[in-house]
Amino acid sequence: MRLANARLLDGSLTDIDIVEGEIERISPAGSTPSTGERRDLEGAVVVPGLWDEHTHMSQWARHRTRQSVLAAESAEEAAAIAAAAVVRHSGPDPLVLVGMRDGLWPAAPTRALLDEATGPVPTLVVSSDVHCSWPNTAMLERLGLELDGALLREDAAFAALGDVEAMLDPDALDRHVVDALAAAASRGVVGVVDLEFGDAVGQWMRPGRATPTRVDVGIYADELELAAERGLRSGDVIAGRARVGGLKVISDGSLGTRTAWTAHPYGTSSAKVDGGDFGRGVRNVDDEALDRLLARAGELGLDAMVHAIGDAAVTAAIDAFERAGVGGRIEHAQLVAGADIPRMARLGIVASVQPEHALDDRELMASLWADRSRDAYRLRSLVDAGVRVVLGSDAPVTPLDPWLGIATAVTRTRGDEAPWQPEEALSLEQAIAASSRTSVAVGEPADLVVLGAPLPGTDDAHEAAAALRGMPVALTLVAGEAIFDAMG
């Protein structure tokens with residue numbers, strides 16, 4: 001197949017010949033004869049296929065079907081949304097709402113408030129970062145849990161959500177996942193890293209998960225020995241285009257839940273929520289346990305990814321990779337001390353960052369990390385130091401749409417907000433490269449995206465952000481196969 005009159009990022013007009021799923025030749029437009037199928041792009045821009053390097057696919061798939069409380073500015077408003085959802089809810093399944101941002105609420109949520117709104121319907125309100133949740137009494141009884149206070153946090157929140165998901169129809173979930181990836185393909189997504197909790201590898205073995213999208217599937221510590229029994233290593237095929245990714249270790253919490261592990265205490269009394277003073281956050285895995293997990297991953301042939309949001313957690317992760325003598329990925333890397341950036345570059349550690357979080361969290365950072373927010377989301381500093389940066393969404397925390405992350409990485413703004421720390425912005429070319437695993441070059445897989453509009457050429461950050469966030473996609477190819485086609 002030939003993609004004729006394709007415009008590359010450098011502005012050149014080319015013909016791209018695809019043979020057996022790879023780019024065989026790139027030549028000036030009209031300079032070489034073509035045989036077989038020919039699609040005239042009429043000067044449309046072609047970019048490499050886009051990846052979302054950090055998702056939770058089952059949660060994102062369910063999230064697309066669930067009521068959100070993201071717009072709630074208080075616990076009372078969130079409870080009112082839950083009350084309305086209860087009226088519409090039917091059947092034996094528990095009710096799950098998403099998008100809670102209690103860190104910005106003027107007062108902490110209480111169980112009595114949610115009980116009054118939802119009554120006997122088991123209800124769970126999940127935070128936007130998924131690190132905490134707000135259950136009513138009926139939900140605690142359904143889960144067989146006792147709880148002091150109103151919120152489940154960290155491991156308890158993850159376990160509760162996993163137990164709730166296990167109550168739901170797996171076949172319906174598979175259909176939701178396939179639908180979500182089809183929607184992602186319409187935004188140019190050719191691949192995702194799925195870091196879903198539980199036995200995600202087993203989920204991707206189910207025939208209902210068949211999808212043309214590339215998927216790298218993560219493994220958590222609880223499934224390490226199951227991976228060993230299965231004899232699976234990073235890169236091994238699970239089924240179709242789904243492959244084994246790597247081991248993911250969650251070393252600290254999140255900013256929104258005030259559990260990210262930091263080198264200095266959280267900045268204000270805003271950190272005192274639900275009866276707790278969160279101080280420097282929470283460390284989930286000590287040095288000995290982290291070393292043991294990285295060693296076991298190495299024995300099993302698994303790459304390693306360490307969730308580290310706070311600067312203390314990032315430092316500890318770098319230290320562990322250095323002791324192990326291996327590279328790896330730091331997931332999130334939201335707050336990174338300046339001294340750690342060259343260490344990441346030297347050790348070949350990848351920073352897997354979700355740019356949209358910067359704008360979602362700017363108010364929290366101003367409140368809780370005010371004295372060191374200059375160290376947050378340092379994309380340009382990382383790239384300039386030689387650290388490989390890859391971008392993702394952390395869906396369902398933010399939508400699975402790479403153009404949102406690209407727009408924020410380039411402009412550091414959305415809507416009418418002033419650009420936040422614009423000195424850390426990436427160029428458009430850098431942001432697209434950080435969202436891709438291939439390039440438009442001979443010998444590369446024909447994972448390509450044809451855009452439905454020109455890339456913005458304006459220096460106005462707000463105009464550029466709007467254009468990138470709404471960038472239309474005309475055609476998405478994986479190995480030369482159209483997985484989304486709006487060109488007819």
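The values are calculated or read from the model by the stated rules, or taken from the named source; none is laboratory data. Keep in mind that what you see is a predicted model, and the values were worked out from it rather than measured. Neighbour counts are summed over all protein chains in view; Cβ atoms, including those assigned to glycine, are modelled from backbone coordinates with ideal geometry. Note: accessible area is taken over every heavy atom of the protein model, side chains too, but ligands, DNA and RNA are not part of it. Shrake-Rupley method; radii C 1.70, N 1.55, O 1.52, S 1.80 Å.
Assorted remarks:
- Span-like helix criteria (full DSSP H runs; alpha carbon extent of at least 15 Å along the helix axis; mean Kyte-Doolittle hydropathy of at least 0.0) are satisfied in the chain by 75-88, 154-166, 170-185, 311-324.
- What a 1.4 Å probe finds exposed on the chain is 51% carbon and sulfur by accessible area, rounded to a whole percent.
- For the chain, the Kirkwood estimate of the hydrodynamic radius, built from every pair of different alpha carbons, is 23.4 Å.
- Of all beta bridges that DSSP places with both ends in the stretch 255-405, some 25 percent have antiparallel geometry.
- Using C-alpha pairs below 8 Å separated by at least 6 residues, the relative contact order for the stretch 418-488 is 27 percent.
- Computed from label points 7 Å out along Cα-Cβ, the spacing between L145 and S186 is 3.4 nm.
- If both residues of a DSSP beta bridge must be in the chain, then about 45% of such bridges are antiparallel.
- Given charges at Cβ of Lys, Arg, Asp, Glu: the chain dipole, positive-most of L428, A366, L95: L428
- Förster-model FRET efficiency, 35 Å R0, L13 and D384, C-beta, rounded to 0.05: 0.65
- Length available on full extension from E429 to R38: 0.36 nm per residue minus the Cα-Cα distance, which gives 138.0 nm.
- Mean sequence separation of contacting Cα pairs (under 8 Å, at least six apart), scaled by the length of the chain, corresponds to a relative contact order of 18 percent.
- Between D416 and A370, the simple spin-label model (points 7 angstrom out along Cα→Cβ) gives 2.6 nm.
- In the frame of its principal axes, the stretch 255-387 has Cα extents of 44, 34, 23 Å, reported largest first.
- Calculated diffusion of the stretch 1-119, Stokes-Einstein form, Kirkwood radius summed over Cα pairs, 10 °C and 1.306 mPa s, µm²/s: 83
- Cα shape, the stretch 167-220, gyration tensor, a/c 1.5 rule: oblate
- Stretched out straight at 0.36 nm per residue, the stretch from A221 to E116 would grow longer than its current Cα-Cα span by 34.0 nm.
- 12 Å reach of a label modelled at V442, 7 Å along Cα-to-Cβ, counting backbone N of the stretch 1-17: 17
- Three-way shape call for the stretch 319-407 based on the alpha-carbon gyration tensor, with the a/c threshold at 1.5: oblate
- Label-reachable residues, the stretch 45-66, where backbone N falls under 13 Å from a point 7 Å from R88's Cα toward its Cβ: 64-66
- When H332, H89 are compared by accessible surface with a 1.4 Å probe, the order from highest to lowest is H89, H332.
- For the chain: accessible area per residue (Å², 1.4 Å): 38
- Available extension along the chain between D171 and D236 is 21.0 nm, counting 0.36 nm per residue and deducting the alpha carbon span.
- The stretch 318-380-the stretch 1-78 distance, computed between alpha-carbon centres (Å): 28
- Over the stretch 149-282, Cα pairs under 8 Å with separation of 6+ residues give a relative contact order of 19 percent.
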